[in-house]
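One structure is given below, encoded as structure tokens.
The values are calculated or read from the model by the stated rules, or taken from the named source; none is laboratory data. Note that the coordinates shown come from a computational prediction; the quantities given were computed from them, not determined experimentally. Here the Cβ positions follow ideal geometry from the backbone for every residue, glycine too, while neighbour counts run over all protein chains shown. Note: areas computed on protein heavy atoms with side chains; ligands, DNA, RNA excluded. Shrake-Rupley method; radii C 1.70, N 1.55, O 1.52, S 1.80 Å.
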Amino acid sequence: MQNKSVFLLLLFCTMPLFAEKGLEMEDYNFSIYAGFGFSYYYDNMKINRYTATAVDQLSYWGFSGKAMWEPEHRLSVGLELGYYQLYEYNDVDNSKKRAIDTYCTPILLNINMRIIDNFSLGIGTGLVSLKNNIAYLNDKDVEHTKGITDSKIWSIANYSFSANYLLPMNKLLNMLNLENDDNHIIKRSFIGLESQYLWIGKTNDNMLTLQILLGYRL
């Protein structure tokens, strides 16, 4: 598995060497991005199928952040952080009803390559923290505050694949026939969409996200 991941990263990094020249870009240094949007957990555990008291809640809102170094005309490398809730469900443990909420925090090395103007593909690998909040319920399905427990595990082998489309803010304003007065901040800002697939190796969990992405070039 490790050899496979190294091969994928090396292949992705060398793709620009074989791509056609063009799509020239200014020499940028660092960019930061913030994302907020929808996340969906693929029901790999079959919670809804095998747990009679399951709560049908597999989609949530999540957010992410990136800091990217962009030394080349196509390639960028950086760190990505995120926070998402995977799922929640109820079950019975030793005749006690409990509610379980599971969250993940990915910490990934992210490599992006610009394919055409404004459109990029990315691949990432790194750590994912998985946190379970377990609360025992009374007969009225109300949480006992003294019965809440937390547990956390780390997953080491994880992968992400993403695609994003980012439009410079000044171009967007021009398309909308809005004046921007050649503002310095607007010229360095971006807005767009990003879709990402995340695979968590330790638990074999799968998640999809679709986020609004805001970026700023430092």
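Worth a mention:
- The stretch 103-120 - residue that is over 14 Å from Val77 (Cβ atoms) and of a type in the set (A, V, I, L, M, F, W, C) and, of those, most open to solvent (accessible area, probe 1.4 Å): Ile116
- Residues satisfying the stated conditions in the stretch 158-193, i.e. assigned to a helix (DSSP H, G or I) and in contact with a Lys or Arg (Cβ under 8 Å, 6 or more places away or on another chain): Met169, Asn170
- Residues that are open to solvent by less than 90 Å² (accessible area, probe 1.4 Å), of a type in the set (Asp, Glu) and modelled with pLDDT of 55 or more number at least 2 in the following strands (runs of 3 or more DSSP E) confined to the stretch 1-102: 75-93.
- Selection within the stretch 168-214 - surrounded by 15 or more Cβ atoms within 10 Å (Cβ to Cβ), farther than 21 Å from Leu79 by Cα and within 21 Å of the chain's Cα centre (by Cα): Thr203, Asp205
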